[in-house]
Amino acid sequence: MTSRTAKSRSWDEASARRLERQFLARPAAPGTPVADVVGAMLGAHAQVLSAAEVSVGVRAAGVTRAEVRAALWEDRSLVKTFGPRGTVHLLPTAELPLWCGALTAIPTGPSAFAPDVRVSEEQAEQIVAAIGDALDGVCLTVEELGEEVVARTGPWAGDLVMPAFQDLWPRWRQVMHRAGQSGALCAGPNRGRKVTYTRPPSFAPLPGEAALRELVRRYLRAYGPATPQNFTKWLAAPASWVASLFARLAEAGEIEEVAFEGAVAWVAAGDTEFPGGRVRGVRLLPYFDAYAIAAQPRESLFPGEAYRRALAGGQAGNFPVLLVDGRVAGVWHQRRQGRRTTVTVELIGRSLTARQERELGEQAERVGEVLEAKAELVLGEVTVGPHA
């Protein structure tokens, strides 16, 4: 337990530690494997692949989207699949045993679908097995995959009953994320404009409890100090279940309490060193960047007016953000035309020093380099709404 006289760690200290460990204080050195950068982030959100490319690129010197795509489609050191919160992420292929072991051990809550839409647990397992069999050694579009799933399970799996984007999808797609989280599915290279899916390289998932314990320790090293409530939100897991998991880790001496901003939080056991002072500097983070989503408390990351302007109903990630000295100080948007891209940055309730303006220009140039375009920086209002 934390001593009442222990020094309370500040937001600036925690922020500096998180930024350093995620290569946001200093980019990873040239030659650092892209998968190592993604691993330090605990995955790069990749619903918008260009945003994931920028997330990785701003953390790694010299890396462009070409290197990220090569890691995905050529050397396969990365996979694009369903990760934490059931959302699409880039994950290191070598870490799939950890991720799949942990994600499949999270209790599933009640289905959000109507009774006549849902699948039973037995049907869900049949679908996941059918997906894995169908994708072994091939790349299929979602339509082709659906045909294979129905052929291996039954017509019920293809019933158009699942509401999605003003349309109806076949029943089997409601557990597609489970197939990704279990290692039966990942994204394949596009076929023209068509998305394809394949099966990742064969691996044996870690046992669930061991994987969960390691994931908590890695989370705390990347984003700690943190509370069970913070981890619950990041993983989208049941709160009481997470509280029990943290209690087991604490009893085993694998995590320990620290005072953080005057309250109790947790770090991995022995991981109590913090940098002195805050990290100075300007950073541009894209949609759904890992740091913007995971760093807590959110009110400290998005201070004052930034909480209203840079969040969508309290949800982080829906706006690309400008960080100044580790806190959100603006939003931005990039619009590409051919080989050029315009980076528009809207400041929130502040101005920049001459040094910060120079750094912002360098950051805009870096975003352009990652996207293999020449960037032009514009300071002004961002009129684009939040990403869905």
Completion exercise
Cα-based Rg then Dmax for segment 306-349, in Å, read 11.7, 35
Handout entry: FRET efficiency, T87 to E148 (Cβ-Cβ, R0 35 Å, nearest 0.05)
Key = 0.90
Completion exercise
Pairs over 30 Å Cα to Cα, from K194/K374; K233/K374; K7/K233, come to K233/K374
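So what is the relative contact order of segment 107-204, in percent, for Cα pairs below 8 Å that sit 6 or more residues apart?
That works out to 29 percent.
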Handout entry: segment 174-263: chymotrypsin sites (Phe, Trp or Tyr not before Pro) in DSSP loop, at most 12 other beta carbons within 10 Å
Key = none
Completion exercise
Distance in Å, no decimals, from the C-alpha centre of segment 310-328 to the one of segment 182-250 is 23
Handout entry: Relative contact order computed over the chain (Cα-Cα under 8 Å; 6+ residues apart), in percent
Key = 18
Practice task
Have a look at L352, L301, P286 and report the one farthest towards the positive end of the charge dipole of segment 282-379, computed about the Cα centre with Cβ charges (Lys/Arg +1, Asp/Glu -1).
Solution key: P286
Exercise for the section: In debye, nearest 20, what is the charge dipole magnitude of segment 1-117 about its Cα centre with +1 on Lys and Arg Cβ and -1 on Asp and Glu Cβ, if you could check? Expected result: 460
Completion exercise
Quick calc, segment 107-204, dipole around Cα centre from Cβ unit charges on Lys, Arg (+) and Asp, Glu (-), nearest 20 debye, gives 360
Exercise for the section: Just subtract the alpha-carbon distance of S111 and E299 from 0.36 nm times their residue separation and send over the number in nm, one decimal. Expected result: 64.6 nm
Practice task
Scan segment 235-301 for GluC sites (Glu not before Pro) in coil per DSSP, keeping those whose Cβ has at most 15 other Cβ atoms within 10 Å, and list them by number.
Solution key: E261, E273
Exercise for the section: Please get the size of the charge dipole for the chain, origin at its Cα centre, with Cβ charges of +1 on Lys and Arg and -1 on Asp and Glu, quoted in debye to the nearest 20. Expected result: 920
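When the Kirkwood radius is taken over all Cα pairs of segment 107-204, what Stokes-Einstein diffusion coefficient follows at 4 °C and 1.567 mPa s, in µm²/s?
Taking Rh from Cα pairs, D becomes 94 µm²/s.
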Practice task
Among (i) 21.5, 65; (ii) 22.3, 72; (iii) 20.1, 60, find the value of Rg and Dmax of the Cα atoms in Å that was calculated from the structure presented, and write down its label.
Solution key: (i)
Exercise for the section: Select from P189, Q166, L140 the residue farthest towards the positive end of the dipole of segment 107-204; place +1 on Cβ of Lys and Arg, -1 on Cβ of Asp and Glu, and compute about the Cα centre. Expected result: P189
Completion exercise
For the A263, D136 Cβ pair and Förster radius 45 Å, calculated FRET efficiency rounded to 0.05 is 0.40
Practice task
Mind giving me the nanometre distance, one decimal, between the label points for T342 and Q47, set 7 Å out from Cα along Cα→Cβ?
Solution key: 2.6
Completion exercise
Taking the dipole of the chain about the Cα centre (Lys, Arg +1; Asp, Glu -1; charges at Cβ), the one of F319, T87, V343 that reaches farthest to the positive side is V343
Completion exercise
Ordering 86-92, 204-210 by per-residue average of other C-beta atoms within 10 angstrom, highest first, gives 86-92, 204-210
Completion exercise
Across T153, T93, T104, the residue with the highest GNM fluctuation in the chain (Cα network, 10 Å cutoff) is T153
Handout entry: Per-pair calculated FRET efficiency, R0 = 25 Å: R191 and R335 via Cβ, rounded to 0.05
Key = 0.35
Problem - Stretch gain in nm, segment W73-T272, where the contour uses 0.36 nm per residue and the Cα spacing is subtracted - result: 67.8 nm
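We did not get these values from a lab; they are worked out from the coordinates using the rules stated. This is a predicted model, so every value here is computed, not measured. No Cβ is skipped: glycine too gets one built from the backbone with ideal geometry, and neighbour counts run over all protein chains shown.
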